[in-house]
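Everything on this sheet refers to the single structure shown next.
The values are calculated or read from the model by the stated rules, or taken from the named source; none is laboratory data. The shown structure was predicted, so the numbers you read here are calculated from the model rather than taken from an experiment. Backbone-built Cβ (ideal geometry, glycine too); neighbour counts: all protein chains shown.
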Amino acid sequence: MIERQNISSGAVWENIVGYSRAVRVGNVIEIAGTTAVEGEQIIGGNDAYEQTKFILSKIEKALQEAGGCLTDVVRTRMFVTDISLWEEIGRAHGEVFSTIKPVTTMVEVKALIQPGLLLEMEATAILAASY
C-alpha cells in the first residue's frame, strides 16, 4: 500500500477549508495553491515579482518537507489577477525554473481569496529518484 504524507504550513485556512499545503503519495508531491501571505501580511506588497519570489520560496519549503526539491517539479500553475503582469511573474518563475523547465500554465482570474494578492501558484513534483 502506498503511504500518504500530508504537509501542513499551519495556515488557519487549512483546517477551515480542509486541505494540506502539500500531499505526497508515493513519488508524487502536489503543492496546493500558494500565495504571498505570511501570517496576516502580504509579502511583496503590490509587486508581482516579489510576490512570485516569496511564493516560490514557500513552494520550495513544502517540497523539502515532503522529501523533494525544485528540480523535481514537473508542472506549475499560476492564477494571476492581472495578466499584464505576466512578464514580472514570468521573470521570477524563470529565475527558479530556467534549467528545470516544468510545463506551466498562467491564467487570469477575477480575484483571489484576499485583496492585494496578485497571484496564486500550484506545483506538481515527481521525485527524481523514482523515475
If you go through segment 89-106 one residue at a time, do you hit one that is of a type in the set (Asp, Glu), buried (at least 17 other Cβ atoms within 10 Å of the Cβ) and modelled with pLDDT of 95 or more?
-> no
Is one or more of the residues making up segment 35-52 in contact with a Pro (Cβ under 7 Å, 6 or more places away or on another chain) and either at negative phi or not in a strand (DSSP E or B) (or both)?
-> no
Looking only at segment 27-40, decide whether some residue is aliphatic (A, V, I, L, M), more than 14 Å from the chain's Cα centre (by Cα) and crowded, with 16+ Cβ neighbours inside 10 Å.
-> yes
Only strands (runs of 3 or more DSSP E) wholly contained in segment 68-131 count here; list those with 1 or more residues that are in contact with a strand residue (DSSP E or B) (Cβ under 8 Å, 6 or more places away or on another chain) and touching a residue at least 40 places away in the same chain (Cβ under 8 Å).
-> 73-80, 119-126
When residues of segment 26-67 are filtered for being more than 19 Å from Glu95 (Cβ to Cβ), among the acidic types (Asp, Glu) and without any contact (Cβ under 8 Å) to a residue 60 or more places away in the chain, how many remain?
-> 3
Out of (1) within 19 Å of Glu3 (Cβ to Cβ); (2) modelled with pLDDT of 95 or more, the one Leu112 does not meet is (1)
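Yes/no per residue for (1) over 21 Å from Leu119 (Cα atoms); (2) modelled with pLDDT of 95 or more; (3) part of a strand (DSSP E or B):
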{"position": "Ile2", "(1), (2), (3)": "yes, no, no"}
{"position": "Gln5", "(1), (2), (3)": "yes, no, yes"}
{"position": "Glu14", "(1), (2), (3)": "no, no, no"}
{"position": "Ser20", "(1), (2), (3)": "no, no, no"}
{"position": "Ile31", "(1), (2), (3)": "no, yes, yes"}
